[in-house]
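Below is one structure, written out as structure tokens; the observations come after it.
Each reported figure results from applying straightforward, stated rules to the coordinates on display, with no laboratory input. The model shown is predicted, which means the values in this text are computed figures rather than measured ones. Here the Cβ positions follow ideal geometry from the backbone for every residue, glycine too, while neighbour counts run over all protein chains shown.
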Amino acid sequence: MTCPNAQHADRTAAAAASPPDALQHAEAQIRDLIEARRLAWNAQDVAGYSRLLAVEAELTSATGKTAQGRDEILRLYLAQRQGVYRTAAITATVVQRIRFVTDEVAVAEASFAMTGVHTAAGVLPLVEGLNSYLLVRRAGSWVIWSMRALPTTAIGP
């Protein structure tokens, strides 16, 4: 995982041209978006989760399942909340790095911890890993365009 302070040193020329206050504001918005995703996911707030995703978003779940488009992501989310994630909670999401590709596109990495994941062998007490996000700013707000969950604990189907 990346050092938390690396986010400040890892800015591209496009973002470096932005005023420091604007860059800090964008970073804060992205951190808020990632936390809002964790809260909506835990609360099973499908409408709230939906608002955080671009229409054309894509996802690779920690189970390895993929989904293309907001509607398909929400269908997968609901199906997994009935199965492998039925008692799961994301207990922590810590943003490790934010890198601006342009003023409207950013890449973020966040470590995560999750409890209550069901597998064929039983309930896992803890699953940890890394989420990789591609975020875009649309109409002044950041949304998730792509998310890849990379667990360090095997979850399976």
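Observations on the structure shown:
- Extension gain, residue 36 back to residue 82 (0.36 nm per residue minus Cα-Cα distance, nm): 14.4 nm
- Computed from Cα positions, the angle between helix 70-82 and the longest principal axis of the chain comes to roughly 40 degrees.
- The protection proxy used here, the mean number of other Cβ atoms lying within 10 Å of each residue, ranks peptides 51-64, 71-84 as follows, highest first: 51-64, 71-84.
- Between 0 and 90°, nearest 10: helix 20-43 axis offset from the chain longest Cα axis: 10 degrees
- Projected label distance in nm at residue 68 and residue 21, using a 7 Å step from Cα toward the beta-carbon: 4.4 nm
- Estimated at 0.36 nm per residue, the fully extended path between residue 123 and residue 91 surpasses their Cα-Cα distance by 10.0 nm.
- For the chain, adding -39500 (n - 2.57) for each run of n ≥ 4 DSSP H residues and dividing by the number of residues yields -9500 deg cm²/dmol at 222 nm.
- Residue 139 paired with residue 50, simple spin-label distance in nm, labels 7 Å along Cα-to-beta-carbon: 1.5 nm
- Each residue of segment 111-120 is assigned a 3J(HN,Hα), and the resulting list reads 6, 9, 10, 9, 10, x, 7, 8, 10, 4 Hz, derived from the Karplus form 6.51 cos²θ - 1.76 cosθ + 1.60 (θ = phi - 60°), x at Gly and Pro.
- Local electrostatic count at residue 148 - Lys and Arg +1, Asp and Glu -1, tallied over other residues with Cβ under 13 Å: -1
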